[in-house]
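K.L.:
Please find one structure pasted underneath; my questions will follow.
The values are calculated or read from the model by the stated rules, or taken from the named source; none is laboratory data. Worth saying up front: this structure is predicted, and the values here are computed from it rather than measured. Ideal geometry is used to build each Cβ from the backbone, glycine not excepted, and the neighbour counts take in all protein chains shown.
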Amino acid sequence: MMYEHDGRPVRTGRAGVNGTSLHYRTAGSGPAVVLLHGVPKTGYHWRHLLKRLTPHHTVVVPDLRGLGDSARPAGGYDSVTMSEDVAELMAHLGHERYAVAGEDWGAVIGYQLAARHRERVLALVFAEALFPGFGFEEHTALTPENVAGGMHLWHLGFYFQPDVPEMLISGHERELITYMIKNERTHPDSATPDALEEYVRTYSMPGGIRAMLSIYRAMLVDAEEVPDEMADVILPFLARSAA
């Protein structure tokens, strides 16, 4: 359960959008902001930030396509399609203009949303994410530099293999999710038991791991779907970050 700043439970619902069904939470009042979670998480990731925003904003927290308590369709896990899911959800809820905050894959999806709906997105917060097509894939290589720098993203290559990851992960969702959540943190104990239980619950549901893997397996499609105008923004930003 997630709560507003005054202790009231957030409102929940489902919406049929873009050929799928999204579960979402919404709370507060004021200018709208949509919060997009990463993998292997759900909208529950935002439970603490939501309380800080609800005094001043209407907050919408969807579970992304295939994740959390949203539907798990067979396809549509590229970032463009998933960004359109969110655009249609916000329109469905009556929000014509809104801010977007995303972390991890939610940031990648948020960037696509902002780029393709510039008239609607007022601001974008992009956190804890690398962008497909701009060096993300290079970190899957087993090189001394990647290993020494802690940037060997070994799991991406593993997830890309057909069928085998599903076979090996099935029945071990708790072990994988706990490892991934704790391993990405400077302070592993900040991964609270309630969050881990929520993530394990939803990713253990039928199709949960398949949907998660489908997002990673769409990375090469994501790299091809980056609009030219996005490259004009991303490449200078990456150059500044590397300097």
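K.L.:
Out of everything in the range 174-202 that is of a type in the set (Lys, Arg) and at pLDDT below 95, what residue ends up being surrounded by the most Cβ atoms within 10 Å (Cβ to Cβ)?
P.N.:
Here the residue is LYS182.
K.L.:
All but one of (1) under 20 Å from the mean Cα position of the chain (by Cα); (2) crowded, with 20+ Cβ neighbours inside 10 Å hold for MET1; which doesn't?
P.N.:
Tallying (1) under 20 Å from the mean Cα position of the chain (by Cα); (2) crowded, with 20+ Cβ neighbours inside 10 Å, MET1 fails exactly one: (2).
K.L.:
Sticking with this structure for a sec: Can you confirm whether the range 100-112 contains a residue that is in contact with a strand residue (DSSP E or B) (Cβ under 7 Å, 6 or more places away or on another chain), over 11 Å from LEU36 (Cα atoms) and not basic (Lys, Arg)?
P.N.:
Within the range 100-112, not a single residue is in contact with a strand residue (DSSP E or B) (Cβ under 7 Å, 6 or more places away or on another chain), over 11 Å from LEU36 (Cα atoms) and not basic (Lys, Arg).
K.L.:
Scan the range 39-63 for residues that are farther than 19 Å from ALA123 by Cα and either of a type in the set (Lys, Arg) or in contact (Cβ under 8 Å) with a residue 60 or more places away in the chain (or both) and jot them down.
P.N.:
Across the range 39-63, the qualifying residues are VAL39, PRO40, LYS41, THR42, TYR44, HIS45, ARG47, LYS51, ASP63.
K.L.:
I'm told ALA129 meets every condition in (1) outside any loop (DSSP other than H, G, I, E, B); (2) touching a helix residue (DSSP H, G or I) at 6+ places or on another chain (Cβ under 6 Å); (3) among the small types (Gly, Ala, Ser); (4) surrounded by 15 or more Cβ atoms within 10 Å (Cβ to Cβ) except one. Can you identify the failing condition by its number?
P.N.:
Status for ALA129: all satisfied but (1).
K.L.:
Just one of TYR24, TYR44 is within 12 Å of PRO62 (Cα to Cα), under 17 Å from the mean Cα position of the chain (by Cα), of a type outside the set (Val, Ile, Thr) and in a strand (DSSP E or B); which is it?
P.N.:
TYR24
K.L.:
Let me ask something else. Here are some conditions: (1) without any contact (Cβ under 8 Å) to a residue 60 or more places away in the chain; (2) over 15 Å from the mean Cα position of the chain (by Cα); (3) in a helix (DSSP H, G or I). GLU88 meets all but one. Which one does it not meet?
P.N.:
(1)
K.L.:
Still on this structure, I have one more. Residues being without any contact (Cβ under 8 Å) to a residue 12 or more places away in the chain and either touching a Lys or Arg at 6+ places or on another chain (Cβ under 8 Å) or in a loop (DSSP other than H, G, I, E, B) (or both): count how many of those fall in the range 91-118.
P.N.:
2
K.L.:
What's the number of the only condition in (1) closer than 22 Å to LEU220 by Cβ; (2) more than 13 Å from the chain's Cα centre (by Cα) that GLY106 fails to meet?
P.N.:
It is condition (2) that GLY106 fails.
K.L.:
Residue under question is GLU225, and the condition is that it be more than 15 Å from the chain's Cα centre (by Cα) and either at pLDDT 90 or above or hydroxyl-bearing (Ser, Thr, Tyr) (or both); does it hold?
P.N.:
Considered against the rule, which asks whether it is more than 15 Å from the chain's Cα centre (by Cα) and either at pLDDT 90 or above or hydroxyl-bearing (Ser, Thr, Tyr) (or both), GLU225 comes out as no.
K.L.:
So in the range 135-157, with the set limited to residues that are part of a loop (DSSP other than H, G, I, E, B) and without any contact (Cβ under 8 Å) to a residue 24 or more places away in the chain, which one is nearest to TRP105 (Cα to Cα)?
P.N.:
Filtering first and then ranking leaves LEU153.
K.L.:
Looking only at the range 19-38, count how many residues are surrounded by fewer than 20 Cβ atoms within 10 Å (Cβ to Cβ) and not hydroxyl-bearing (Ser, Thr, Tyr).
P.N.:
Here the count works out to 3.
K.L.:
Follow-up. Would you point out the residue of the range 58-92, among those that are farther than 19 Å from GLY208 by Cβ and touching a Ser or Thr at 6+ places or on another chain (Cβ under 8 Å), that is surrounded by the most Cβ atoms within 10 Å (Cβ to Cβ)?
P.N.:
Filtering the range 58-92 for residues that are farther than 19 Å from GLY208 by Cβ and touching a Ser or Thr at 6+ places or on another chain (Cβ under 8 Å), the one surrounded by the most Cβ atoms within 10 Å (Cβ to Cβ) comes out as VAL59.
K.L.:
Here is a list of conditions, (1) within 28 Å of GLU173 (Cα to Cα); (2) of a type in the set (Val, Ile, Thr); (3) surrounded by 20 or more Cβ atoms within 10 Å (Cβ to Cβ), and THR54 meets all of them except one; can you say which number that is?
P.N.:
(1)
K.L.:
ARG14 - would you say it is farther than 22 Å from LEU122 by Cβ, in a strand (DSSP E or B) and basic (Lys, Arg)?
P.N.:
yes
K.L.:
Are any residues in the range 27-38 touching a Gly at 6+ places or on another chain (Cβ under 6 Å) and assigned to a loop (DSSP other than H, G, I, E, B), and if so, which ones?
P.N.:
Residues satisfying the conditions are HIS37, GLY38.
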